[in-house]
Structure formats: structure tokens, C-alpha cells
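Scroll down for the structure; my scribbles are underneath it.
Every number here is computed from the coordinates shown, using simple stated rules; none is lab data. Just so we're clear, the structure is a prediction, and the values are computed from it rather than from any experiment. Please note: Cβ atoms are built from the backbone with ideal geometry, for glycine as well, and neighbour counts cover all protein chains shown.
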Amino acid sequence: MSFKKRISLLSAAVALCYGAVQAAETGAQPWMNARLDAGERAGLAVAQMTLDEKLKLVYGYLGADMDNKKTKRPEEAYKQSAGFIYGVPRLGIPNLYETDAGLGVASQAGPDARAATALPSGLNTAATWDVKTAYEGGAMIGAEARGYGFNVVLAGGVNLMREPRNGRNFEYAGEDPLLAGKIVGAQIKGIQSNRVVSTLKHFALNDQETGRTTLNVKIGDQAARMSDLLALQIAREEGNPGAVMCSYNRLNGVHGCESSYLLNEVLKKDWGFKGWVMSDWGAVHSTVPAANAGLDQQSGMPFDLADYFGPPLKEAVLNGWVPQARLDDMVRRILHAMFEHGVVDHPVAPAVQSIDFKANAAVSVKDAQQGMVLLKNDAKLLPLNKSVKRVAVIGGYADRGVMAGGGSSLVYPAGGNAAPELTPKTWPGPVMIYPSSPLKAIQARLPGATVVYNDGKDAAAAAKLARDSDVVVLFATQWTGEGFDMPNLSLPDKQDELIAAVAAANARTVVVLETGGPVTMPWLPKVSSVLEAWYPGTGGGEAIAGVLFGEVNPSGHLPATFPAAESQLPRPALDGFPEVADRRFDVNYHEGAAVGYKWFDLKGLTPLFPFGHGLSYTDFALSDLSAGVKDGVLSASFTVKNVGKVAGKEVAQVYVAPVGARWEAPKRLVGFHKAEVAPGGAVKATISVDPRLLAMYDSASKTWRVAKGDYKVILAADASDKRAVSQVIKLEAAVYDVHGKPLRTSKR
Ligand code: BGC
């Protein structure tokens with residue numbers, strides 16, 4: 001027998017033995033057999049568990065010490081992490097290590113924060129209108145999370161922007177359910193491609209921070225399903241998250257984490273969600289009502305007032321107040337997600353794994369550059385000319401770095417905070433400036449020029465510098481964060497006055513905004529250019545400079561309307577503001593499903609910048625719209641032409657407006673396509689429309705109903721596009737189930 005043959009026989013024998021050992025092992029523990037389906041495996045494991053083992057899995061700890069409560073994290077939890085849950089080692093069920101990671105792997109405040117890569121804000125990623133970019137960002141986050149030993153990622157925030165003053169808008173994906181749902185769904189998918197669980201949140205209607213734990217949102221089932229819940233539903237369908245986090249607020253009188261309507265009915269029954277519902281940190285208020293309403297796991301203890309899912313749950317189960325079958329269901333759901341997403345079969349390693357920070361930095365910069373929105377560019381001052389001689393860079397800590405949003409999503413960067421003196425330094429701070437300096441990145445691109453920085457604190461001095469310069473790049477920041485809202489839509493700290501003074505001194509001013517969301521711009525007519533750079537992430541300085549100099553052509557489009565004034569909003573004054581601890585109040589969503597541009601359309605209001613707006617260094621023309629219905633599905637094809645001189649990307653948007661039927665608002669976004677087009681070139685694209693976006697939801701029958709009639713299909717570059725082209729098509733009456741699957745033709 002040849003040597004080669006002997007080796008291959010030997011390896012076959014080894015493989016046989018290994019297989020036999022594995023079979024024997026999984027024979028004793030059949031739920032470890034990866035060939036079985038997740039539900040079956042979960043059922044087999046639950047059947048082996050004692051009552052106390054089950055109770056362990058439904059009780060989560062904060063992964064950090066809590067000084068005000070004098071508690072320590074469990075020893076096994078990673079330092080300054082969001083959460084920890086004990087597994088069942090006897091049965092091969094690993095511990096759950098939770099991290100916030102909406103924008104990157106976050107740390108709770110303290111001395112041992114882990115350095116990680118921060119993507120730009122969620123609004124920036126939504127502004128890319130590009131699911132591939134969202135997926136890649138998610139995949140990066142998931143890889144760093146796994147690298148740091150986490151297997152549950154608290155990421156997937158898709159609360160709709162009903163309130164532009166909401167301090168957490170930067171974590172979410174804007175005002176439109178289709179765009180937000182697709183973007184966040186893709187991010188979740190990317191995260192879970194690393195065999196970790198991702199968590200859709202916050203379920204549901206937690207759209208402002210002021211009074212977030214006590215306020216009561218009032219909205220009907222139909223309007224909710226066509227707006228906030230639709231965004232969550234689409235994100236769930238696209239991303240298939242293993243977990244969902246219920247929210248702090250009350251909905252129609254009931255807290256999110258004990259709302260049987262939200263958890264049992266909408267999420268689990270109607271949508272068929274098989275994973276688990278964890279509470280937000282401090283969002284549980286009871287044992288029996290919460291467990292029976294569908295909450296599967298209490299999180300972050302000692303955040304809640306009591307350990308509701310600790311000994312009180314045991315007592316409730318032993319007495320039958322919470323049925324044993326319900327506890328089994330809670331555990332089965334957790335295990336289902338763990339098996340389905342690879343948490344059991346591909347355990348995370350306790351030691352930090354090597355992380356490719358260089359590659360991850362590139363992912364962050366790319367996301368930032370695809371999502372920055374060029375709002376205005378008169379006289380084509382941008383891209384900056386490299387032959388410019390005297391440049392003033394003013395304000396926004398641009399000498400040191402770029403702004404980040406505050407709260408639990410905060411990622412701590414390598415190199416630390418570039419402005420550690422800023423306050424507040426503790427929750428919801430620290431105010432973080434990532435050490436990626438736009439000034440340095442600008443200087444590096446202008447070796448022959450004089451680039452002078454002024455911090456903008458003294459408007460007169462800044463104006464003097466502006467007067468003596470050929471061009472001014474002024475950075476304005478707005479720090480927003482978890483746990484508080486903006487008092488209004490104005491830039492803080494007298495920055496409006498600063499910009500007005502600088503623009504009066506030199507009209508060749510570019511304003512770069514680093515904001516959590518929409519702001520008003522009283523100085524807009526006076527400046528040449530405005531670039532909305534959101535919170536641009538840990539590579540923000542480089543990302544901004546690359547766009548300013550035209551190395552990358554901006555292609556972001558607004559994922560939310562920028563109002564001209566607070567008076568245009570459904571709630572001109574923010575309910576419950578300013579915050580008074582424990583105050584209970586209602587927030588009446590009288591606008592129903594008419595959120596964002598839909599509200600502006602309905603009321604005939606002209607915003608400062610419409611939803612979908614975004615300029616480029618080239619020009620595009622949208623044409624050849626051809627819409628039609630085939631096999632009951634509406635699709636629209638069109639051509640995107642680049643009629644300018646440089647390559648670029650355009651976001652073609654398709655809206656539908658009913659001619660006869662009445663919707664919550666005159667039109668809805670039903671599809672979009674981001675096309676990369678060479679100068680002089682053209683790209684053809686086709687989108688097909690989810691029938692739910694053409695229907696009204698009927699609460700009584702739990703169906704989506706399309707009314708027979710004429711509908712205008714609109715191809716546009718933003719929600720108020722005057723150059724939009726349109727075509728009227730006919731739709732037959734049709735009925736779809738809760739998922740948007742066709743049922744039958746209706747007579748209505
Ligand atoms: C936030 C959640 C976060 C959790 C854990 C809460 O304050 O609302 O989004 O995942 O804390 O840090």
C-alpha cells in the first residue's frame with residue numbers, strides 16, 4: 001500500500017472515530033446536534049432543565065458595577081458591559097455576554113472601557129440609502145463584538161423619527177418605515193453573520209427621551225401598524241433578529257414590557273417571532289403581568305426596582321400564577337435564538353481575539369462618506385479647490401476631532417476622548433470627541449496653503465479670520481444623547497450667531513454640521529455650502545475631508561425632513577418638557593401614521609430641506625419611468641443619467657400617491673435605488689413594491705387592503721422634487737395578510 005493511500009485510510013478511520021464520538025456525545029445531549037432544527041433542539045434542552053436552571057436563563061445582570069446601588073457585576077461578566085446571563089454549562093448552554101453595539105462595540109462608563117471602531121450615526125447609515133453599506137457596517141460591529149467575547153449584541157434600533165428633538169435620533173434610521181426597516185434589517189443581518197444574536201429595539205413607540213419611562217403614547221392599532229410598527233416589522237423580516245428589546249414607555253396605558261398587545265399579539269402571534277423578548281434596562285414593573293404579557297427575560301439587574309424575574313417568578317410558577325408552560329416558553333425562545341444563530345455551536349472565546357482595526361476603520365469611513373448629505377452648494381464652492389491659499393477652519397473642536405452621541409451606545413475610541421474637559425462627564429456623558437481631526441486632514445491636503453484654526457468661541461475674532469481668508473470651513477456641533485431631548489431645533493451655544501458673523505465676513509463659507517438630527521439654519525441664505533456630516537464615527541475627520549475635497553462625491557440623502565421651524569411639527573412643543581422626575585403624561589400621536597414628510601405633505605408645509613434631499617458634485621436626470629402591475633405586484637423601472645462631469649451616485653426614489661383612495665397622507669415612499677453612474681452614463685433600474693405600502697391596515701381582520709383605483713407613481717430625487725416625473729396606473733382591489741402575502745381579491 002502506498003504511503004499516500006495509508007494516510008488517507010488513516011484519516012478516514014480518524015474521521016469515523018471522531019464522528020462516532022460526536023454522535024455518542026450528542027446522543028447523550030441530542031440538542032447539541034447541529035443538524036436538528038433550532039426549535040427541536042430548544043425543546044430537547046428545555047426538557048432536561050431543572051426549574052432553577054430555567055430561572056437563571058430568564059434573569060439578566062448589568063455587566064458593570066453600579067455605585068449608586070452599591071452592586072458589583074457578576075465576576076464572569078466582562079467589565080463595563082451592558083449585560084450578562086448565566087448559561088447552563090451542564091447542558092452545554094453558554095453564558096450570554098451582552099454589549100450595546102448600535103454603532104460599534106460600546107462600553108458602560110468607567111475606567112476599563114474597551115477601544116472599538118465606531119460607525120457614523122444610525123441616521124448617517126440611513127442617509128446612505130444603501131443596504132449593502134448597512135450590512136457591511138453590521139458585519140464589522142458583529143466581528144468586533146465576537147472579538148471581544150460578546151454573543152448578544154444590543155443593536156437594531158429602529159424607532160421612527162416622529163420627534164426631531166429626540167435625543168436618540170442619532171441611533172435610529174429616520175422617519176420612513178420602508179427606508180428605516182430595510183437599513184436596520186440589513187445591519188442586523190450583518191451583525192448576525194458573525195454567529196451572534198442581534199436585538200431589534202425599542203419595542204415600541206419609544207420616540208422621545210423626555211419622560212421615557214413614565215409617558216403614555218396614545219395611538220390606535222391601525223396607525224401604529226402603518227408607521228412605527230411597520231418599520232420594526234420590515235427590520236425583523238429583513239434581519240431575522242434573535243432577540244427583541246421591549247421599551248420603557250407606556251402605550252395606551254400599558255408599559256412596553258408588559259403589553260400583551262405588543263409582545264404576545266403583534267410580535268409573537270401576528271409576526272410569528274420565535275426568538276426572545278428581553279426588557280430594556282429598568283423597564284420591568286411586575287412579575288406576573290410582565291411574564292404573562294410576553295416578556296421572556298428581565299435585563300440589567302439591579303436597574304429595575306425589584307428582581308421580578310428572580311425569586312418572585314419562582315414563587316409565581318410554583319403557585320401557577322405564571323404557568324409552567326409559560327416559563328418553558330420563555331426559556332425555549334432564548335434557546336431557539338441561541339441555536340438558530342450559532343451561539344451554542346460557535347461559542348465566543350473568553351480572551352480577546354485579534355480584531356482587524358485597520359480594515360474596520362475603512363468600513364466606518366466608507367459608511368460616513370456614503371451618508372454625508374450635501375444640503376446646499378451655491379456657486380459650487382465644493383469640492384474645495386486645492387490651489388486655495390488661505391483657509392480658515394473654525395469651531396466644532398475641528399482641531400481635535402469629531403463629535404459622537406451620548407448614552408449607552410457610546411463607543412470608546414482608541415486614543416481616548418480628544419476633549420476630556422467637556423461636560424457632562426458622567427451619564428449621559430461623557431461628551432465624546434473622537435480623535436480624528438478634520439483640521440489635520442484638511443491641512444494634509446493643502447501642503448502649500450495657510451490653514452488657520454479658530455475655536456469659534458469669540459465670534460468677532462472668528463469673523464476677522466474669515467475676512468482674511470479665501471475660504472472658510474466652519475464646523476458646528478450639536479451634542480445629543482440618550483436620556484434627554486433637545487429643547488428646540490436650534491444649534492446650541494450661540495453657534496447660529498457665530499455662523500452669521502462669519503458668513504457676513506466671508507460668503508465663501510462652508511458649514512459642516514455634526515448634529516444628532518435636523519436643526520434649523522437661520523443663516524442658510526448667507527453661506528455658500530452646507531454639508532450634513534451627522535456624527536461621522538471614529539474616522540470622521542478623514543471622511544469629512546475626503547468629501548470636502550471631492551475625493552468622494554457626496555451621495556447621502558436625508559432620511560428625515562429638516563423642518564423650517566418647530567411650529568411645523570405635529571407637537572410644536574415637546575410633551576413633558578422640561579423633564580420632571582416621575583411625572584406621568586400622555587403623548588397623543590394625533591398625526592397617526594402621517595410621520596415626517598407625510599405630515600408635511602398633508603398640511604402643505606414647506607420644510608427647510610425635504611426628506612430624500614441630497615446634492616452631488618455632478619448632476620443627474622431621472623427618466624423613462626415605466627410602472628405596471630404583473631401577477632399582482634407593482635413595479636417601476638426607470639433610468640438614472642449622470643449629466644454632469646464626474647462620477648457619482650444618485651438615490652432614485654419612487655413614491656405613490658392615491659388619486660381617489662384616501663391614505664394617512666398624500667404619498668408614501670414605496671421603493672428606492674442607489675445607482676452609481678459614470679459621467680455621461682446611464683443606469684437602468686427596477687423596483688418592486690411591497691403591497692403593504694399600497695394598502696391601509698384593517699385592524700378587525702388583520703389584513704392589508706388595497707383599494708381599487710388610480711394611483712400616481714412618482715419618480716423623484718426627494719419628497720418635494722419639482723422635476724419629478726409620474727405615471728398614473730390602475731390597481732385592483734386586493735387583500736393581503738399581516739405579512740403582506742396575497743389572500744384574495746376583495747370586492748371593495
Ligand atoms: C437603553 C438600551 C440599551 C440598554 C443597555 C438602556 O438604557 O435604552 O438601548 O441597550 O440601556 O445598555
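Distant-in-sequence amide contacts of PHE484, defined by a placed amide H-H separation under 5 Å and a gap of 5 or more residues or a different chain, comprise GLY167. Taking the Cα centre of the stretch 363-568 as origin and assigning +1 to Lys and Arg Cβ atoms and -1 to Asp and Glu Cβ atoms, the resulting dipole is close to 700 debye. Working from label points 7 Å from Cα in the Cα-to-Cβ sense, the ALA362 to GLU237 distance is 3.5 nm. Name the residue farthest towards the positive end of the dipole of the chain from the options ALA47, ILE442, THR99, assuming +1 on Cβ of Lys and Arg, -1 on Cβ of Asp and Glu, about the Cα centre. After comparing all options, I get ILE442. Sequence neighbours fewer than 8 away in the same chain don't count; with that in mind, list the aspartates and glutamates whose C-alpha is under 19 Å from LYS70. Partners found: ASP112, ASP304, ASP307.
The distance linking the stretch 337-351 with the stretch 450-464 is 53 Å (Cα centroid to Cα centroid, whole angstrom). Peptide packing: for 332-343, 417-428, the average count of neighbouring Cβ atoms within 10 Å per residue gives the ranking 332-343, 417-428, highest mean first. 3J(HN,Hα) along the stretch 77-85: 6, 6, 4, 6, 9, 6, x, 8, 9 Hz, from the Karplus curve 6.51 cos²θ - 1.76 cosθ + 1.60 with θ = phi - 60°, whole Hz, x for Gly and Pro.
Summarising the label geometry, the points placed 7 Å from Cα in the beta-carbon direction at LYS645 and GLU551 lie 2.2 nm from one another. Taking a span of 20 Å or more along the helix axis (Cα atoms) and a mean Kyte-Doolittle hydropathy of at least -1.0 as the rule, the DSSP H helices of the chain that qualify are 3-28, 131-147, 177-192, 324-340, 357-371. Averaging the Cα positions of each part gives two centres, and for the stretch 473-525 and the stretch 143-215 these lie 26 Å apart.
Calculated on C-alpha atoms, the gyration radius of the stretch 646-742 divided by its Kirkwood radius gives an Rg/Rh of 1.05. Averaging the sequence gap over all C-alpha pairs within less than 8 Å and six or more residues apart, then dividing by the number of residues, gives the chain a relative contact order of 13 percent.
Where only DSSP H runs of four or more residues are counted, the chain gives -7500 deg cm²/dmol as its mean residue ellipticity at 222 nm, each run worth -39500 (n - 2.57).
Put simply, the amide H of VAL511, placed in the peptide plane, has neighbours under 5 Å in LEU474, SER529, VAL530, LEU531, leaving out anything fewer than 5 places away on its chain. The amide H of ASP304, built 1.01 Å from its N in the peptide plane, has GLY282 as neighbours under 5 Å, considering only residues 5 or more places off or on other chains. Taking the fewest neighbouring Cβ atoms within 10 Å as the starting point, the ordered list for ARG162, ARG400, ARG508 is ARG508, ARG400, ARG162. Computed over neighbours whose Cβ is under 10 Å from that of HIS590, the net charge equals +1, Lys and Arg +1, Asp and Glu -1. Principal axis analysis of the Cα atoms in the chain yields extents of 78, 76, 65 Å, listed in decreasing size.
Taking the Cα centre of the chain as origin, sum charge times position over the Cβ atoms of Lys and Arg (+1) and Asp and Glu (-1), and report the length of that vector in debye to the nearest 20. With Lys and Arg at +1 and Asp and Glu at -1, about 1660 debye. In this structure, the pairs whose alpha-carbon distance is over 21 Å, taken from LYS598/LYS702; LYS54/LYS274; LYS389/LYS440; LYS358/LYS649; LYS464/LYS494, are LYS598/LYS702; LYS358/LYS649.
Full extension of the chain between GLU315 and GLU421 yields a length gain of 33.2 nm, computed as 0.36 nm times the residue separation minus the alpha carbon distance. With the dipole of the stretch 512-610 worked out from charges on the C-beta (+1 for Lys and Arg, -1 for Asp and Glu) around the Cα centre, which of GLY556, PRO610, VAL580 lies farthest toward the positive end? Of the candidates, PRO610 comes out farthest on the positive side. Give me the aspartates and glutamates in straight-line cross-link reach of LYS641: C-alpha distance below 17 Å, same-chain residues under 8 apart excluded. By straight Cα distance, LYS641 reaches ASP619, ASP624, GLU650, GLU676, ASP718, ASP721. Toward the positive end of the charge dipole of the chain, with +1 on the Cβ of Lys and Arg and -1 on the Cβ of Asp and Glu, the farthest Cα among GLY320, LEU513, ALA419 is that of LEU513. For the stretch 34-354, the relative contact order comes to 19 percent (Cα pairs under 8 Å, sequence separation of at least 6). The residues LEU743, LEU57, LEU569, LEU295, when put in order of fewest to most other Cβ atoms within 10 Å, stand as LEU743, LEU569, LEU57, LEU295. Summing charges over all other residues whose Cβ lies under 11 Å from the Cβ of PRO383, with Lys and Arg as +1 and Asp and Glu as -1, gives +2.
With K and R counted +1 and D and E -1, the other residues having a Cβ less than 14 Å from that of VAL431 yield a net charge of -2.
A Cβ-based charge dipole, computed about the Cα centre of the stretch 34-354 with Lys and Arg at +1 and Asp and Glu at -1, lands at about 200 debye.
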